[in-house]
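Peer 1: What follows is a structure written as structure tokens; I'll ask about it next.
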Amino acid sequence: MAYDYAPFPYIAPPGLAAPEPRHPVIIVGAGPIGLAAALELANHGVRSVVLDDNNVVSVGSRAICWAKRSLEILDRIGVGEACVEKGVTWKVGRTHHRAKEVFNFDLLPDPGYKMPAFVNLQQYYVEEYLVTRCEESDLVDLRFKNKVVSVDQGEDCATLSIETPDGPYTLEAEFVLACDGAKSPIRTMLGLDFEGELFEERFLIADIEMEADFPAERWFWFEPEFHSGQSALLHKQPDNIYRIDLQLGWGSDPEEEAKAENIIPRIEKVVGHSDFKLDWTSIYTFQCRRLKRFVHDRILFVGDSAHVVSPFGARGGNGGLQDVDALGWRLAAVVTGRAPRALLDRYDAERTYGSDENIMNSSRSTRFMSPSDGADRWFRDATLALASHAEFARPMVNSGRLSMPCIYPINAPDAPGLPAVSRPGSVAPDAPQGNGWLLSMLGGQMTVLAIGQPAPDGIEAITLEPSPEITARYLGDEKAAIYLIRPDQVVAARWTKADAATIQAQIDAIWEGRA
Amino acid sequence: MSLITAKNIEDHDGAYADLLAAHRGLDTEASAALNARLILILMNHIGDRAVLREAIDLARTSGT
């Protein structure tokens, strides 16, 4: 069943009648990243205005693969369970060369996490859930059909000129989040450009509606018989919608390829029949590029406005939500006076690092999938040929390395006997706790976990008993540990033994932007 | 471990002849493909990133 794109109401903003007081945060763009940022700030008690030039959710499924970390972030802002319930949960990917499976991967083999490895869910559903949640919040002021036409940065605020159906008005903000997507008008207004690599490749993307019993797995083909010499990707979505990506080659004519009479025969060859309906199609090329800096004084770039990647690792939308994760608590602390503005430099440092990792992985996959003539192609073809004959070549077949949160390179106290999976800089691994989950207990506060030992006097902590999951993920060979967890659920430091002063010094260093 | 650049194959003439024999009758394209497969197999056998980087450097700088 096709999605019903009901428009959101436009309400004349108060600023048309009289100047509005300066806002702490204005978010430009009501896509998944902008909406999630508003809810994350609201979780920290910070009010924001969200402006969008449009008044409907994303047209077409666009971002569909939501990774475990994204689901955990979405859960913290109240929509994670709805996404899992509606979406198609999967964790296995199968890669084929011609008709033969050459490689498969399981992204989350062991149980004991609230959120699955991946959920496929059309971007419009995620946006719908986020909009509903924003409308329920007293701290989010969502304004559709409010188009930002210029931005100006002064000594103590940024000023936005906005057009509405009822005319223009202006708003002032302490900070502006540019969540306005890959073609970010704010980025253009600031005269900024991406740096990095463009790829000469063209893909057709099609959502089709059909009754079928494909398993809930990610299927990828190199040189399949149904699409000679190229590659293809199949993903299952809810509502009997399937996503098919077909490589077209750089020589193809995008206008011709976009015509339904040319798309339908291609899809017929993939699915083997014509009993389907085209729901949405698009032709895309891709880039792996980013802004040099994400923080430009009072304007902060978040999501696709800051960085773009090729789609095969699901690192676009998921990377954007990780930006929100890294920014929300810091911006809230700066706006409320809890921390100096220097804390925002840590957002820039961590997310340019994360973005580089995403760009590296996506570029490698792209180079494997659409090798240029010469050495790139010789080695790509050699890897595919060897994969059927030698085990070592199978994991080298690169159809996309799927989004995982990066390990931030933070300089923090660590204890060698504790497990690698929870080392400083990693997202704290989830684990069952009573009737609930560890990550839900952490919420979005700076938290000390005392595991297998009492918290030192003068430190407020959550005390955990060493269950099998807690032991495997937090203790390893040790009997006891103390973990300091940041508000974005990233492990900030850990010790086998620590006194209150040591822990407090680390907490202070984080708030001051020194760690 | 570092890259072995001293003689390391007992019958080097025989091994060299094996390599040429594998390429006999192949056109340039098929030879390039064979070389690519062979390099990947040997890379995996060596397994050590540092040694591989040394080998790549030596190959790159010894062409003239």
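The values are calculated or read from the model by the stated rules, or taken from the named source; none is laboratory data. All values derive from a computational prediction rather than experimental measurement. Counting neighbours? That spans all protein chains shown, and the Cβs are built from the backbone with ideal geometry, glycine included. Only protein heavy atoms, including side chains, enter the accessible area calculation; ligands, DNA and RNA are left aside. Shrake-Rupley method; radii C 1.70, N 1.55, O 1.52, S 1.80 Å.
Peer 1: Which residues of segment A:363-380 end up with at least 30 Å² less accessible area in the presence of all protein chains than when their chain stands alone, using a 1.4 Å probe?
Peer 2: Residues meeting the cut-off: A:W378, A:F379.
Peer 1: Only Lys, Arg, Asp and Glu count, each charged at its Cβ (+1, +1, -1, -1), so figure out the dipole size of segment B:12-61 about its Cα centre, rounded to 20 debye.
Peer 2: 140 debye
Peer 1: While we're on this one: Would you rank A:L331, B:L34 by solvent-accessible area, highest first, keeping every protein chain in place and using a 1.4 Å probe?
Peer 2: B:L34, A:L331
Peer 1: Quick one: what are the phi-derived ³J(HN,Hα) couplings along segment A:181-197, Karplus 6.51/-1.76/1.60 with θ = phi - 60°, whole Hz, x for glycine and proline?
Peer 2: Residue by residue, segment A:181-197 yields x, 4, 9, 1, x, 4, 4, 5, 4, 8, x, 9, 9, 6, 10, x, 10 Hz.
Peer 1: Let me spell out the model: positive unit charges on the Cβ of Lys and Arg, negative unit charges on the Cβ of Asp and Glu, origin at the Cα centre of the protein assembly as shown. What dipole size does that give, in debye rounded to 20?
Peer 2: Here the size comes out at about 900 debye.
Peer 1: So what are the ³J(HN,Hα) numbers for segment A:105-117, from phi and the Karplus equation (6.51, -1.76, 1.60; θ = phi - 60°), rounded to whole Hz, Gly and Pro as x?
Peer 2: 9, 10, 7, 8, x, 9, x, x, 10, 5, 9, x, 4
Peer 1: Can you tell me the alpha carbon radius of gyration of segment B:12-61 divided by the globular rule-of-thumb value 2.2 N^0.38 Å?
Peer 2: Ratio of Cα Rg to 2.2 N^0.38 Å: 1.30.
Peer 1: Hey, if you put +1 on the Cβ of every Lys and Arg and -1 on every Asp and Glu Cβ in segment A:420-511, which of A:I470, A:V421, A:I510 ends up farthest toward the positive end of that dipole?
Peer 2: A:V421
Peer 1: Another question, if that's okay. Can you give the accessible area of A:H235 in Å² (nearest 10), computed on protein heavy atoms with a 1.4 Å probe?
Peer 2: Ignoring ligands and nucleic acids, A:H235 comes out at about 10 Å².
Peer 1: Could you tell me the center-to-center distance, by alpha carbons, between segment B:42-64 and segment A:172-196 in angstrom?
Peer 2: Answer, in whole Å: 43.
Peer 1: How big is the gap, in Å, between the Cα center of segment A:359-393 and the Cα center of segment A:1-32?
Peer 2: First find each Cα centre; the distance between them is then 46 Å.
Peer 1: Work out Dmax and Rg for segment A:420-511 from the C-alpha atoms and quote the Rg first, both in angstrom.
Peer 2: Over segment A:420-511's Cα set, Rg and Dmax evaluate to 11.9, 34 Å.
Peer 1: How about segment A:390-428: which of its residues lose at least 50 Å² of accessible area in the presence of all protein chains relative to their chain isolated, using a 1.4 Å probe?
Peer 2: Going by heavy-atom accessible area, the residues of segment A:390-428 that drop by at least 50 Å² are A:F392.
Peer 1: Continuing with the same structure: What span do the alpha-carbon atoms of the protein assembly as shown cover on each of the three principal axes, reported in whole Å from largest to smallest?
Peer 2: 86, 65, 51 Å, listed from the longest principal axis down.
Peer 1: Along the charge dipole of chain A, which of A:F379, A:G436, A:A6 sits closest to the positive end, that is, farthest toward it, with unit charges on the beta carbon of Lys, Arg, Asp and Glu (+1, +1, -1, -1)?
Peer 2: Sorting the options by dipole projection puts first A:F379.
Peer 1: Name the residue from B:L52, B:I41, B:N8 whose Cα lies farthest towards the positive end of the charge dipole of chain B, charges +1 on Cβ of Lys and Arg and -1 on Cβ of Asp and Glu.
Peer 2: B:L52
Peer 1: Can you give the accessible area buried between chains A and B, summed over both chains, with a 1.4 Å probe, in Å² to the nearest 100?
Peer 2: The contact between B and A buries close to 700 Å².
Peer 1: Right, here's the next one. Sequence-distant or interchain residues sharing an amide H contact under 5 Å with A:A493, placed H: which?
Peer 2: Residues meeting the amide H criterion: A:L484.
Peer 1: Roll a 1.4 Å probe over the protein heavy atoms and report the accessible area of A:W378 in Å², nearest 10.
Peer 2: The accessible area comes out at roughly 120 Å².
Peer 1: ³J(HN,Hα) across segment B:47-57 via Karplus (A = 6.51, B = -1.76, C = 1.60, θ = phi - 60°), whole Hz, x for Gly/Pro?
Peer 2: Karplus values, whole Hz, x for Gly and Pro: x, 9, 4, 5, 5, 4, 5, 4, 5, 5, 4.
Peer 1: Filter chain A for me: DSSP H helices, axial length by Cα at least 24 angstrom, mean Kyte-Doolittle hydropathy not below -1.0. List them by residue number.
Peer 2: The answer, listed by residue number, is A:317-335.
Peer 1: While we're on this one: What does the accessible area per residue of chain A come to in Å², with a 1.4 Å probe and no ligands, DNA or RNA counted?
Peer 2: Here the residues of chain A average 41 Å² of exposed surface.
Peer 1: Let me check against my output: what whole-number percent is the relative contact order of chain A, with C-alpha pairs under 8 Å and at least 6 apart?
Peer 2: Values: 1082 pairs, mean separation 75.3, N = 515.
Averaging sequence separation for qualifying contacts and normalising by length gives 15 percent for chain A.
Peer 1: Still on this model: Ignoring any ligand, DNA or RNA, what whole percent of the accessible area of the protein assembly as shown comes from carbon and sulfur when the probe is 1.4 angstrom?
Peer 2: C and S fraction of accessible area: 51 percent.
Peer 1: Amide H of A:S150 versus every other amide H placed in the peptide plane: which residues, excluding those fewer than 5 positions away on the same chain, fall under 5 Å?
Peer 2: A:S161
Peer 1: Search the structure for amide H atoms under 5 Å from the amide H of A:R218, placed 1.01 Å from N in the peptide plane, and list their residues when 5 or more places away or on another chain.
Peer 2: Residues meeting the criterion, in which the H sits 1.01 Å from N, are A:V92, A:G93, A:R94.
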